[in-house]
Amino acid sequence: MQNVPFFIPDVDDTELNEIKSVLTNSEESKIEELEDRFSKYLPISNAIATSSGTSALHLAMCSLDLKRGDKVICPVNAFPAIPEVVRHFDAEPIFVDIDIDDFNINLDALESLLSRNKSKKLKAIIVSHIAGQPTDLERLYKIGKAYNIKIVEDASQMLGGTYNDKNIGSAGGDMTVFSFSPHLSNSISNGGMLTTNNQDLAERSRLLRNHAIVTNGYDRHGNLDYVYDVVDIGCKYDISELNAAFSIAQFSKLDKTIARRAEIAEYYNKELADVNHITTPVRKREHLYYLYIIKIDKNRDDFARKLKEKGVAVGLHYIPLHLLSYYKNKYELKVNDYPNALKNYQQILSIPIYAKLSDTQAEYVVKTIKEIAKNRV
């Protein structure tokens, strides 16, 4: 029996050399280098490095000046950080059901909700691009303009992806947030990025990122100038030089890691296409396969348990937010309120896919899935 972890980071001398350059007290700022590389890559006017993807998302809400009683639309299929950053302002997340095939926000349901909305406190829409496949951004941006509402994209699983030949993060949203550790498992470094072409939002984000302190400047170690002032309620969301260095090294491998995941996904698609009880991912647009999410037609939990018993680690992306105790109880949500998300939740299962996954491991994953599926009634 083999042991196939759900995720292992691709780390080598590239990361070590970047970190060593920080520890040798180089005068060059890795934070500035990371932001500069990122802004040129997209391209985008403003790239603001943060301590994590969640802090980037919370900073985005801060820059929108979210207040108690405000409302933010969120897909019900998302990582808990999304409604969490809304609730930190005592604002309300308004959940929307998802597309049954690509797991992203259902734009028909979104338009229906907006057409019925009478509240003047609706401030933004947060969308996630699940597994590495974007939602229909052209339509989403039109919806945002029609209803005069800000679009914030969670692109934690879309770094390096495109939509209509534009890089995600510069395709037209008001703000986009990224994570340099999107799997949140086996993470040995954290980092995030907030991008925007809106100069006002960028300036406010930069201000609030480090306690809303105003000064003549900092040195590369974060030491304040002699005199400073605090002009708002800020956060401590700036990234460290070490984490920035690690993120630069990971960023330099982006094309390679995307290509490797594509190879594995192609193999999975071919080998699992006709396996009974299994449905492979539906590709509507470019798909980066940060996650490879299959569907099990029945008794998903038993299937997952058998995979784990044979050494194949699995994930669940995601448990719908309206089924989580806090949101279910806080807003009196019912199990059947979001039928697409509920149906998918009962079937979905994420299997290992990452750059360090070997051909032998991928073959073992497929072999094991086929063996389990063959013995099911």
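Please treat every number below as a calculation from the coordinates, not as lab data. Source: prediction; values computed, not measured. Note that each Cβ is placed from the backbone with ideal geometry, even for glycine, and that neighbours are counted across all protein chains shown.
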Which of the peptides 292-300, 348-356 is most tightly packed, and how do the rest follow, judged by the mean count of other Cβ atoms within 10 Å per residue?
348-356, 292-300
Give me, ordered by chain and number, the residues 5 or more places off Phe95 or on other chains with an amide H under 5 Å from its own placed amide H.
Cys74
If one computes the Cα centroid of region 250-314 and of region 123-201, what distance in Å separates the two points?
23
What GluC sites (Glu not before Pro) in region 20-123 are in a loop by DSSP, with at most 15 other Cβ atoms within 10 Å of the Cβ?
Glu27, Glu28
Rule-of-thumb Rg ratio for region 1-51 [Cα; 2.2 N^0.38 Å; N residues]
1.60
Would you calculate the separation in nanometres between label points at Lys328 and Ile8, each defined as 7 Å from the Cα along the Cα-to-beta-carbon direction?
3.7
Highest to lowest packing among 95-104, 118-127, 14-23, scored as the average C-beta count within 10 Å
95-104, 118-127, 14-23
Sorted peptide list for 325-336, 254-265, 198-209, criterion being average Cβ within 10 angstrom, highest first
198-209, 254-265, 325-336
Quick one, which of (1) 0.91; (2) 0.96; (3) 1.02 is the actual Cα Rg over 2.2 N^0.38 Å calculated for this model?
(3)
If you take the beta carbon distance between Lys298 and Ala262 as r and set R0 to 35 Å, what does 1/(1 + (r/R0)^6) give as a FRET efficiency, to the nearest 0.05?
0.70
Here region 137-151 yields Karplus 3J(HN,Hα) values (6.51, -1.76, 1.60; θ = phi - 60°; whole Hz; Gly and Pro given as x) of 5, 4, 5, 4, 5, 5, 4, x, 5, 4, 9, 6, 10, 6, 10
If you restrict to DSSP beta bridges whose two residues both lie in the chain, what percentage is antiparallel, to the nearest 5?
60
For Leu254 and Asp200, compute 0.36 nm times the residue count separating them, minus their Cα-Cα distance, and round to one decimal in nm.
16.5 nm
Straight-distance crosslink candidates among lysines, where the alpha carbon sits under 25 Å from Lys166 and sequence neighbours closer than 8 are dropped
Lys40, Lys142, Lys145, Lys150, Lys253, Lys256, Lys284
Largest-first principal axis extents of the Cα set of region 254-374 (Å):
47, 35, 24
Shape descriptor, region 187-330: equivalent ellipsoid semi-axes (Cα gyration tensor, sqrt 5λ, whole Å, largest first) stand at 43, 21, 15
